[in-house]
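The values are calculated or read from the model by the stated rules, or taken from the named source; none is laboratory data. Only a predicted model underlies this, so the values are computations on that prediction, with no experimental measurement involved. Here the Cβ positions follow ideal geometry from the backbone for every residue, glycine too, while neighbour counts run over all protein chains shown. The protein model used for the area step is the full one, side chains on, heavy atoms only, and it has no ligands, DNA or RNA in it. Shrake-Rupley method; radii C 1.70, N 1.55, O 1.52, S 1.80 Å.
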Amino acid sequence: LLFYAMLAGAADPARKMSEIVNVIVRAGTACDNLFKNFGREPLVKSPENPIPVPDVSQAITFENVFFAYQPHQPVVKKVSLVVPAGQTLAIVGGNGSGKSTLMNLLARFYDPHLGRILYDGKDIRQANPKQVRKQLAWVTQDSVLFNGTLWDNVAYGKPDATDEEILAAIKIAHVDRFLAELPAGYETNVGDEGTNLSAGQCQRVAIARAVVSDPRILILDEATSQIDGFSESQIHLSLAEFIKGRTTFIVTHRPSSLKLADRVIVMELGEIVHDSSVSDANKNSEQFQSLFSRSA
């Protein structure tokens, strides 16, 4: 009787112990995956004596830039481009034309295999890549939000931002337009990757986060693709004032986004096949629309 009583008493702890073992095994696998990433050597490294990152007060220059992810398969080739400081450049092109890769090179996520990228005449390979990226804010089509409040996700763009700066950014991105729909307003938890918000709402939060960081260079990569037409036009009106004096790149498939641009280029197979001001493009609208529709 004593033996069976002890056996019965040990059954429940043994069952719980088996559950703990499962948790430990899952955690061990997760740690292995994390350390694989933590242990990777970055392809882009800081030079031994990095130069200060220029203020981008003159121009950003691409000098005969070539880049390939796979050998002998260039994604960007023979790209030479001068973007004066403060200009808003729209980049149009089909999938695989090299638009986003060009922006990756601009942020020094990769270094070109041939050619140079210059900020105010200085090769960015001579600067610390982290300092280069601090000059930029990038809003992508797939907005990355973190498990936390809406307010914290916006403030992440500039941790020392004042409440006034955060509220101003929220207003520019029209985040305040859907606050009434949220159960706790600014304190609503957006969930992992913004699962508690719609795709359009996530993009607005991401735009607000970029705005509050007060970047010198702003990259909008299909930043309003999930937003309805009316809201998009309202956000464009707000962004038009914000981007004045900032060098801005707009990667887009939507003609409506060109309202913000001073200049537009069309890319095909890694090369620039059309380059003109927006006013010139409007004058030759039939030719430009054929290029736009072909690339989009």
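So the values come out like this:
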{"item": "Residue 199-residue 72 pseudo-label distance in nm [points 7 Å out on the Cα-to-Cβ vector]", "result": "3.8"}
{"item": "All Cα pairs of the chain, percent lying beyond 27 Å", "result": "52"}
{"item": "With Cα atoms, 0 to 90° folded angle of helix 229-242 axis to the chain main axis", "result": "70"}
{"item": "The chain, accessible surface, carbon-and-sulfur percent (1.4 angstrom probe)", "result": "54"}
{"item": "Straight-distance crosslink candidates among lysines, where the alpha carbon sits under 20 Å from residue 77 and sequence neighbours closer than 8 are dropped", "result": "99"}
{"item": "Accessible area (Å², per residue) of the range 61-182, counting only protein heavy atoms and a probe of 1.4 Å", "result": "48"}
{"item": "Cα convex hull volume per residue for the range 170-209 (Å³)", "result": "64"}
{"item": "Nearest 10 degrees, 0 to 90: helix 163-172 Cα axis against the chain principal axis", "result": "60"}
{"item": "Surface accessible to a 1.4 Å probe, residue 260 within the full protein complex, Å²", "result": "20"}
{"item": "Whole-angstrom gap from the range 98-160 to the range 42-79, using each part's C-alpha centre", "result": "12"}
